[in-house]
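Below: one structure, written as structure tokens.
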Amino acid sequence: MPRSRHDRSTRWVCQQCGYESPGFYGRCPSCGAWNSLVETVIVDRPSSSSGRHRTSVHAVPLAHVTSAGERRLPIGLGEFDRVLGGGLVPGALILLGGDPGIGKSTLLLQAAGNVANRIGSVLYIAAEESAEQVKLRADRIGVNADQLYLLPETSLTAALDVAQTLKPRVVIVDSIQTVFVEELASSPGTVSQVRECTARLMRYAKEAHVPVFLVGHVTKEGVIAGPRVVEHMVDAVLYLEGERFHQYRVLRAVKNRFGSTDEVGVFEMADHGLQEVGNPSGVFLEQRLHDAPGSAVIVTLEGTRPILIEVQALTSPVGYAMPRRTATGFDLNRLQLLVAVLQKRLGYRLGHHDIFVNVTGGLRVVEPAADLGVAVAIASSFTERPVRDDTVLIGEIGLSGELRSVSGLDRRLQEAASLGFQRAVIPPLSERNQVLTSRLPLTVVSARTVAEAIRLSLAEASPAVSLQDDVEAEA
Ligand code: TYD
Ligand code: MG
């Protein structure tokens, strides 16, 4: 089969100034940038002056363009479809990133099985594993579909040829770092290979109107290994996150040309693959110890969906050593800021205490509405007083120790009430929110400052513990 009607050759192209050369230079002869030359496939298209008839190109009135939104293919995994914005859009190129071993192949194999059973054939290009390995995983998760085709192949050209004949409804490339095109001398996973492979898959997806998934591994720094460039080229970037040794996984869209980017899907890694978690709040609070100091319940909003999560803090005296601040699932800089506010505004002497903060379930909380929960958890551990068992905490903390309002308050409170919480400590209410919250079956307590909120959140001190040595004065 002829590879292409165009002539292809490779050049080295400077990423800074666009200088082209037939060979490699460590330093660009034109702009002087180091290591900026990347091997690139150049396609010489037959020019229009060559006398050959050009395929005509014409613009289309916007009103005549049919919207792809109406033709979505639902995968049938509710949590996955939610993140995609309601299903797959024909011709979309979607990158699924995540740490090695987090479950990317498992998720896509499950999705592939569903699509194959419900919609039509799926081509799974296994460039990392043999067909036997994929089959073993498929047996484990109970995926069995006649329409699911496996192709253990690392040559992208060969794989795309198969796709042209098979005409699948969905293509999966596992992974973009292990496929290659023959024209480039560099090895798979390099910037030039990954970029060229992505560009060709993009062309295939748009021409064949087939959604294509790319798996991409993430390096320790959290960047899709090798080139970030893939993120810019694709239509959607999804991340599968979670702590490797926790069972929960969160699927998050960080870019989505066909939907919103703030929806998340929650899964649990079980023996038979990833199970959807329809009620994350209940699951995340399952193992909470009641009346334990250092534990607080927050309500975070992931997209349109409120989720209740337990935050734990532990403070422990260190004597003269440098105190440590460690955060799992929470931003370390934000933690430092909250500790500084607690020191300055409440007079807590945390300078000689290690502080550890942990968001349970392996989740990552990024929104500032979690501030109050983290601050109260630290205060609770520091003073050895548990947080009241019936109370959830919502609020952003400012540098002056003031509580600031957060978005989606009514939805958060609704979720807390439906999980049986009777009380919420929150920032001062606007008039509109006062009306909204008055109808909820839980008591809403507003606090203006973090000091006030802590006083309202902690249970009575047990008489055995004296706080006089640690707390100078409450602001
Ligand atoms: P995998 O999908 O291979 O990860 P990735 O493609 O992101 O590298 O998942 C690997 C991990 O998932 C592996 O450590 C085993 C675990 N796992 C389960 O716990 N249950 C299962 O049913 C499957 C298939 C995998
Ligand atoms: Mg894999």
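To the nearest 10 degrees, how steeply does helix 104-118 sit against the main Cα axis of the chain, on a 0 to 90 scale?
Between helix and principal axis, roughly 70 degrees.
How much length would be gained if the chain were fully extended between Ala63 and Cys31, taking 0.36 nm per residue of separation minus their Cα-Cα distance, in nm to one decimal? All intermediate terms of the calculation are to be shown ahead of the outcome.
Details: separation 32, 0.36 × 32 = 11.52 nm, distance 4.52 nm.
Here the answer is 7.0 nm.
What does DSSP give for the stretch 282-474 in terms of the percent of beta bridges that are antiparallel, rounded to the nearest 5?
Numbers: 20 of 32 bridges.
Of the beta bridges lying entirely in the stretch 282-474, close to 60 percent run antiparallel.
Just to confirm my numbers, what's the Cα centroid distance between the stretch 240-265 and the stretch 292-339 in Å?
Measuring centre to centre over Cα atoms gives 21 Å.
Asp146 versus Cys17, label points 7 Å from Cα toward the beta carbon: distance in nm?
6.2
Note down the net charge around Glu302, summing +1 for each Lys or Arg and -1 for each Asp or Glu among other residues with Cβ under 9 Å from its Cβ. Mind showing how you got there, number by number?
Numbers: positive: Arg252, Arg305; negative: Asp262, Glu263, Glu367.
Value of the local net charge: -1.
Going 7 Å from the Cα of Arg455 in the Cα-to-Cβ direction, what parts of the stretch 329-345 have a backbone nitrogen less than 19 Å from that spot?
Under cut-off, by backbone N: 341-345.
In nm, to one decimal, how far is the modelled label at Ser418 from the one at Arg448, with both set 7 Å along Cα→Cβ?
3.5
Considering the zone a paramagnetic label at Ser405 would reach in this model (a point 7 Å from Cα along the Cα-to-Cβ line), which residues of the stretch 412-427 have amide N under 12 Å from it?
Backbone N within reach: 427.
Would you calculate a helix-derived [θ] at 222 nm for the chain, using -39,500 (n - 2.57) for each DSSP H run of n ≥ 4 and dividing by the full residue count, to the nearest 500?
On the way: 12 runs with 127 residues, N = 475.
Counting only the DSSP helices, I get -8000 deg cm²/dmol.
When only C-alpha pairs under 8 Å and at least 6 residues apart count, what is the relative contact order of the stretch 78-278, in percent?
Details: 428 pairs, mean separation 61.6, N = 201.
Relative contact order for the stretch 78-278 comes out at 31 percent.
How much net charge surrounds Ser380 when only the other residues with a Cβ under 11 Å from the Cβ of Ser380 are counted, with Lys and Arg +1 and Asp and Glu -1? All intermediate terms of the calculation are to be shown ahead of the outcome.
On the way: positive: Arg385, Arg388; negative: Asp291, Glu384.
Neighbourhood net charge equals 0.
In whole percent, what relative contact order does the chain give with Cα contacts below 8 Å and a gap of six or more residues? List each step's numbers first, then the result.
Values: 990 pairs, mean separation 53.8, N = 475.
The value is 11 percent.
Would you please give the FRET efficiency between Ser316 and Thr154, computed as 1/(1 + (r/R0)^6) with r the Cβ-Cβ distance and R0 = 56 Å, to the nearest 0.05?
Details: r = 51 Å, r/R0 = 0.91.
My answer for the efficiency is 0.65.
What FRET efficiency do you get for Leu136 and Ser438 if R0 is 60 Å and r is their Cβ-Cβ distance, rounded to the nearest 0.05?
On the way: r = 57 Å, r/R0 = 0.95.
That gives a FRET efficiency of 0.60.
Could you tell me what percent of the DSSP beta bridges with both partners in the chain are antiparallel, to the nearest 5? If you can, show how the numbers build up before the last one.
Values: 48 of 83 bridges.
Just about 60 percent of them are antiparallel.
The numbers here are math on the coordinates, done by the rules we state, and not lab data. Small disclaimer: the values here were computed from a predicted structure and weren't measured. Cβ sites come from the backbone with ideal geometry, for glycine too, and all protein chains shown count toward neighbours.
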